[in-house]
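Trainee: Got a structure here, written out as C-alpha cells. Questions coming.
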Amino acid sequence: MIKNMRRNYGKWLTTSLFVAAAYSLPQAIAQEEEWDVAGFVENSTFVRDDVGLSKFRNTAQLEFGREFNTKGLFSQFSFQGVLRATYDGVYDLNSSEFGEDSGGAVSFINIGAPAGSLGPGSPAIPAHTTPYGSSIVTAGTPGLPPSNAFGFDTSVNPNAGLAILGSAYHEQGSGVVLAYPTRPCDVDSRGCINGYLDYSSDDLRFSEFNDKLDFIRELYVDGTIPLGDNGSELGIRLGKQQVVWGRTDLFRVLDVLNPVDYSRHNIYDELEDIRIPQWMLSTEARLGPQGPFTDLNFSFVWNFDEFRPNNLGQGGTPYSILDAGPYFRAMNVCWELGCTVGNFAGGGISTDFGPGQIGIRKANLPEWSFQNTQIGLKMEGVINDVGFSLNYIDYISQLPSLRGGIPAMNSFTGETNVLPYLIAFDIEFPRVHLYGGSLDFYADSIKSAIRVEAAYSVGEEFANTTKERLFSSNDVIRYVIGVDHNAFLPFVDSNSAALISAQVFGQHILDHDLIETAGSAAGIPSFGRAGIPDWKENWTATLLVRQPLKNGLVNPQVIAAHDFRANATVVSPSIEWLLSNSWKVTLGANFKFGKGAQTFDDCRSCNPFPPFTATALHADPFAPGSVGLSGFEPLGRFRQGPIGSATAEDELQLTIRYRF
C-alpha cells in the first residue's frame with residue numbers, strides 16, 4: 001500500500017499544484033474574454049511494400065483557450081488546453097501483420113560447427129534448420145555435461161506468433177538469430193516487460209487513452225507578473241506542456257526536456273506531434289535590454305511529472321526505432337520462459353536456453369520522488385543581432401541502458417551467480433547532465449539564417465562488449481549546424497520563393513572503446529572488433545526544399561537525410577494541397593536507400609560459462625571475454641542507425657485533414 005501511495009504521490013502533487021494555480025486567479029477580473037476553440041480531424045493512411053497497410057491513424061484534436069483581463073498581481077492570465085484522440089485501425093485492418101493474428105512458427109538457419117566445438121568428443125554438426133524450441137543442443141548432447149540446464153518448456157513458450165528479429169531488412173546470415181512475439185500483450189504476454197513496452201491491443205489502437213492521460217496534449221495556466229516599471233516581467237506556465245529549447249529540426253540536441261514517441265512514425269513525424277507532454281513548471285524572467293544585451297531572459301523548468309522514457313515501439317508494431325522494441329521483447333522471453341538462439345553454440349548451432357540464463361530480466365523505471373524530478377536552466381538573449389542561449393539540464397535519460405552483471409544461472413552447472421560478459425541484463429535509465437548552448441543569426445552576405453546548437457552530456461550509457469557488465473558510461477558531444485535560405489528556383493514558375501533548409505548533425509562519443517580482437521587480428525572474416533558498436537564519430541545531413549505554388553495553395557516539398565557512417569539515406573517527397581480554409585490533402589512517400597544491415601561483435605564468443613563456451617581463439621579457456629565473433633544481431637543496429645534499420649519501411653502516404 002505504501003509503495004502505491006509513493007507511486008501516486010507525483011500525480012497527487014501535479015493535481016494539487018494545478019488546482020492551486022486555478023484558484024490563484026486574480027480575485028478581481030474586470031472582464032472575461034470568450035473561449036477560443038479550434039481543432040481538426042485527420043486520417044493518415046500509409047501503405048508499405050510487402051506488408052500492405054502500415055498505418056490507418058484517425059485523429060481528432062481540440063484546441064481551446066481563454067484570456068482573462070486582470071488587475072492586481074498578473075498583467076496577463078490565460079488558460080490553454082489541447083486534447084487529442086487517435087484510433088489506429090492498422091491493428092484491426094491488417095491484423096495478420098500487426099495485430100492479434102500476426103506472427104507464426106519460425107525456424108533458424110544454422111551454419112553448423114566442426115567436431116569438438118561443443119566439447120571434447122562432440123561430433124561435427126553440418127548446416128541445418130532448427131524450429132524454435134527444438135535445438136539439438138540440449139541435455140544428452142555428446143560432449144556436454146549431464147547436468148547442463150539447456151532447454152525450455154514449449155508448452156508455455158510455443159513456436160507460434162513469432163517473427164525473426166531483423167528479418168525485414170536482412171537475411172539470417174551467420175550470426176546470432178533471435179525470435180520475438182509479435183502479438184499485442186493482451187493476446188500474447190510473452191516478452192512484455194512489466195511497466196515498459198507492454199501495450200495491449202487497445203493501448204496500440206487508442207494510444208492516448210491510458211493511465212498517463214496522454215489524451216491531454218496541453219493543459220496549463222499561463223500568467224505574466226510585472227517586475228517593475230522598466231518593462232521586465234516574469235512569465236509563469238504551470239501544467240501539462242511541451243517545453244521546446246531547441247532551434248533545429250529532427251535532431252534533439254538541447255530539446256530533451258520532453259520524451260518522444262517514436263512508435264508513431266520512427267523519426268519522421270514532426271517533433272510537435274511526437275513529444276510526450278509532461279507536467280511541468282516553466283518560468284521565464286524577461287528583463288528586456290540590459291547593458292550590452294538587446295534582450296536578456298532567464299528560464300527555469302521543473303519537470304515534476306513521473307518519469308517517462310521514450311516510446312520506442314514494441315515487438316509487433318509497425319514502427320520501432322532501431323528495431324529496439326522487438327529486441328527487448330525477444331530478450332525478455334529468453335529470461336522469463338527460455339528461448340532458442342540460432343548460431344550460438346560453437347558459433348553455428350541453435351541453442352535452447354532455459355529461463356533465468358540469458359535475456360532481459362526487468363526494466364527499472366525510476367519511481368516518483370523529489371530526487372527523480374528533473375530541472376533545466378537557461379540564459380537567453382540577443383547581443384549585436386546574434387541570438388544565443390546557455391543551457392543546463394539535469395534529467396533522466398529517456399533512452400534505456402542494458403546493464404549486465406545480474407545473477408543468472410550457469411547453463412552448464414546449474415549454479416546461479418553474477419557472471420561477467422553474460423548477456424543477461426536489467427534495463428536502467430541513468431541520470432544525465434547536459435551543458436549546452438545555441439546561436440542564431442542572419443548572414444547578410446549569403447542572405448541566410450544560421451542556427452547552431454551544441455551540447456556536452458555526462459552520464460550516458462552505451463553497449464560495450466569489452467566491459468564485464470557489457471556497458472560503459474561515456475561523455476558525448478553533439479551539435480547541429482543549420483542554414484535556412486529563401487531563393488527563387490530558376491526552373492519553377494512561381495512568384496513565391498522556395499525555402500531551402502540544410503542541417504548537419506554531429507555526434508562524438510568520448511573515451512570510445514573499439515579494439516581489434518584475436519579473431520580479427522588473425523584475419524578470420526567472421527571475427528571483427530569488440531567494444532562500443534555506436535560510431536565514435538558520425539554525421540547526418542538533412543535537406544528540405546519547399547516551394548509554394550498557386551499563392552501557397554499548393555506546396556510541394558522534399559526532405560532528405562543521409563547518415564554518413566551507416567551509408568543510409570531517406571528521401572521523403574510530398575505535395576500539399578490547401579483545398580479551402582478547412583481542407584488540406586497531403587500525398588507523400590518515404591524511401592530508404594543504403595548499405596543496410598551491418599555486423600558487430602554479438603558476444604557469442606564472450607565465454608560467459610568458462611571453459612564450456614571458450615573458443616580456439618581464447619588463449620585461456622577459463623578467462624571470460626570476447627574474441628570478436630560478429631553478426632547482424634543484436635548490436636549491428638547501432639551501426640546502421642535509425643535510417644539503415646528501417647530500409648524495409650518504404651511507404652506511400654495519404655493524409656486528409658479538416659480544420660474547424
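The values are calculated or read from the model by the stated rules, or taken from the named source; none is laboratory data. Quick caveat: nothing in here was measured; it's all calculated off a predicted structure. Don't worry about glycine lacking a Cβ; one is built from the backbone with ideal geometry, like all the others, and counts go over all protein chains shown.
Trainee: Could you tell me which of the residues Ser494, Ser473 is hydroxyl-bearing (Ser, Thr, Tyr), at pLDDT below 95 and surrounded by fewer than 17 Cβ atoms within 10 Å (Cβ to Cβ)?
Mentor: Ser494
Trainee: Any chance segment 399-419 includes a residue that's of a type in the set (Lys, Arg) and closer than 29 Å to Pro158 by Cβ?
Mentor: No: zero hits.
Trainee: Could you give me the residue pairs with C-beta distances under 6 Å whose first residue belongs to segment 389-410 and is over 26 Å from Tyr435 (Cβ atoms), whose second residue is in a strand (DSSP E or B) and among the β-branched types (Val, Ile, Thr) wherever it lies, and which are 6+ apart or on separate chains?
Mentor: Listed by first residue and then by second, the contacts come to Gly405/Val418; Pro407/Thr416; Pro407/Val418; Met409/Thr416.
Trainee: So which of Gly325, Gly342, Gly338, Gly346 is under 11 Å from the mean Cα position of the chain (by Cα), crowded, with 23+ Cβ neighbours inside 10 Å and not aromatic (Phe, Trp, Tyr)?
Mentor: Checking each option against the conditions leaves just Gly325.
Trainee: Ok, one more. Give the residue that is farthest from Leu322 (Cα to Cα), with candidates limited to residues of segment 222-269 that are buried (at least 22 other Cβ atoms within 10 Å of the Cβ) and among the β-branched types (Val, Ile, Thr).
Mentor: Thr248
Trainee: Which one of these is modelled with pLDDT under 95, surrounded by fewer than 18 Cβ atoms within 10 Å (Cβ to Cβ), among the hydrophobic types (A, V, I, L, M, F, W, C) and in a strand (DSSP E or B): Ala60, Ala30, Ala85, Ala20?
Mentor: Result: Ala30 is the single residue among Ala60, Ala30, Ala85, Ala20 that is modelled with pLDDT under 95, surrounded by fewer than 18 Cβ atoms within 10 Å (Cβ to Cβ), among the hydrophobic types (A, V, I, L, M, F, W, C) and in a strand (DSSP E or B).
Trainee: Please state which of the following conditions Val333 fails to meet, knowing it meets all the rest: (1) under 30 Å from Ala614 (Cα atoms); (2) not in a helix (DSSP H, G or I).
Mentor: Among (1) under 30 Å from Ala614 (Cα atoms); (2) not in a helix (DSSP H, G or I), Val333 violates only (2).
Trainee: Considering each residue of segment 302-330, count those that are touching a Leu at 6+ places or on another chain (Cβ under 6 Å) and assigned to a strand (DSSP E or B), and give that number.
Mentor: Summing the residues that are touching a Leu at 6+ places or on another chain (Cβ under 6 Å) and assigned to a strand (DSSP E or B) in segment 302-330 gives 1.
Trainee: Still on this model: Tell me which of these Phe600 doesn't satisfy, since it passes every other one: (1) more than 20 Å from Phe505 (Cβ to Cβ); (2) touching an Asp or Glu at 6+ places or on another chain (Cβ under 9 Å); (3) at pLDDT below 95.
Mentor: With respect to (1) more than 20 Å from Phe505 (Cβ to Cβ); (2) touching an Asp or Glu at 6+ places or on another chain (Cβ under 9 Å); (3) at pLDDT below 95, Phe600 is out only on (2).
Trainee: Being modelled with pLDDT of 95 or more and under 20 Å from the mean Cα position of the chain (by Cα) narrows it down to one of Gln557, Gln547, Gln507, so name that one.
Mentor: Checking each option against the conditions leaves just Gln507.
Trainee: OK, next. From the list Asp186, Asp211, Asp202, exactly one residue is modelled with pLDDT of 95 or more, loosely packed, with under 15 Cβ neighbours inside 10 Å and farther than 30 Å from Ser389 by Cβ. Which is it?
Mentor: One residue alone meets the criteria, Asp202.
Trainee: Still on this structure, please answer the following. Tell me whether segment 245-255 contains one or more residues that are assigned by TED's automatic domain parsing to the domain that holds Ala85, among the aliphatic types (A, V, I, L, M), assigned to a loop (DSSP other than H, G, I, E, B) and under 24 Å from Gly381 (Cβ atoms).
Mentor: Yes, that holds for at least one residue.
Trainee: Here is a follow-up. Mind listing just one residue for me: the one in segment 521-542 that is over 29 Å from the mean Cα position of the chain (by Cα) and not in a helix (DSSP H, G or I) and, of those, farthest from Arg639 (Cα to Cα)?
Mentor: Restricting to residues being over 29 Å from the mean Cα position of the chain (by Cα) and not in a helix (DSSP H, G or I), the top hit is Ala522.
Trainee: State all residues of segment 438-491 that are more than 30 Å from Gln557 (Cα to Cα) and assigned to a loop (DSSP other than H, G, I, E, B); if no residue qualifies, say none.
Mentor: Matches in segment 438-491: Asn464, Thr465, Thr466, Lys467, Glu468, Arg469, Leu470.
Trainee: Quick check on segment 270-289: of everything there that is among the polar types (S, T, N, Q) and in contact with a Ser or Thr (Cβ under 8 Å, 6 or more places away or on another chain), which residue is surrounded by the fewest Cβ atoms within 10 Å (Cβ to Cβ)?
Mentor: Within segment 270-289, the match that is surrounded by the fewest Cβ atoms within 10 Å (Cβ to Cβ) is Thr283.
Trainee: On the basis of being of a type outside the set (Asp, Glu), on the phi < 0 side of the Ramachandran plot and modelled with pLDDT of 95 or more, does Phe150 make the cut?
Mentor: Answer is no for this residue.
Trainee: Going through segment 249-279 one residue at a time, which ones are within 18 Å of Ala85 (Cβ to Cβ) and among the hydroxyl-bearing types (Ser, Thr, Tyr)?
Mentor: Matches in segment 249-279: Ser263 only.
Trainee: Same structure, new question: Give me the strands (runs of 3 or more DSSP E) completely within segment 554-644, filtered to those with at least 3 residues that are surrounded by fewer than 20 Cβ atoms within 10 Å (Cβ to Cβ) and without any contact (Cβ under 8 Å) to a residue 24 or more places away in the chain, ordered by residue number.
Mentor: Filter on segment 554-644 gives 554-563, 568-578.
Trainee: Further question on the same structure: Does segment 386-400 hold any residues that are buried (at least 19 other Cβ atoms within 10 Å of the Cβ) and in a strand (DSSP E or B), and which are they?
Mentor: Passing the criteria: Ser389, Asn391, Ile393, Tyr395, Ile396.
Trainee: Let me ask another. Of everything in segment 393-417 that's among the small types (Gly, Ala, Ser) and at pLDDT below 95, which residue is nearest to the chain's Cα centre (by Cα)?
Mentor: Here the answer is Ser411.
Trainee: Name, by its number, the condition in (1) surrounded by 15 or more Cβ atoms within 10 Å (Cβ to Cβ); (2) in the same structural domain as Arg190 (by TED's automatic domain parsing) that does not hold for Thr129.
Mentor: Going through the list (1) surrounded by 15 or more Cβ atoms within 10 Å (Cβ to Cβ); (2) in the same structural domain as Arg190 (by TED's automatic domain parsing), Thr129 breaks only (1).
Trainee: Considering only segment 552-602, state which residues are acidic (Asp, Glu) and under 18 Å from Val492 (Cβ atoms).
Mentor: Of everything in segment 552-602, just one residue is acidic (Asp, Glu) and under 18 Å from Val492 (Cβ atoms), namely Glu576.
Trainee: Still on this model: Going by the conditions given, is Phe40 over 30 Å from Val585 (Cβ atoms), at pLDDT 95 or above and not in a loop (DSSP other than H, G, I, E, B)?
Mentor: So Phe40 does not fit the description; no.
Trainee: From (1) within 19 Å of Ser626 (Cα to Cα); (2) touching a helix residue (DSSP H, G or I) at 6+ places or on another chain (Cβ under 9 Å); (3) of a type outside the set (A, V, I, L, M), pick out the condition that doesn't hold for Arg469.
Mentor: (2)
Trainee: Enumerate the strands (runs of 3 or more DSSP E) found wholly within segment 340-385, keeping only those where 1 or more residues are polar (S, T, N, Q) and touching a residue at least 40 places away in the same chain (Cβ under 8 Å).
Mentor: Of the strands (runs of 3 or more DSSP E) lying wholly inside segment 340-385, those with at least 1 residues that are polar (S, T, N, Q) and touching a residue at least 40 places away in the same chain (Cβ under 8 Å) span 349-353, 374-383.
Trainee: Which condition number does Tyr91 fail, the rest of (1) at pLDDT below 95; (2) within 30 Å of Phe660 (Cβ to Cβ) being met?
Mentor: (1)
Trainee: Which condition number in (1) under 18 Å from Arg637 (Cα atoms); (2) surrounded by 17 or more Cβ atoms within 10 Å (Cβ to Cβ) is the one that Val545 fails?
Mentor: Unmet condition: (1).
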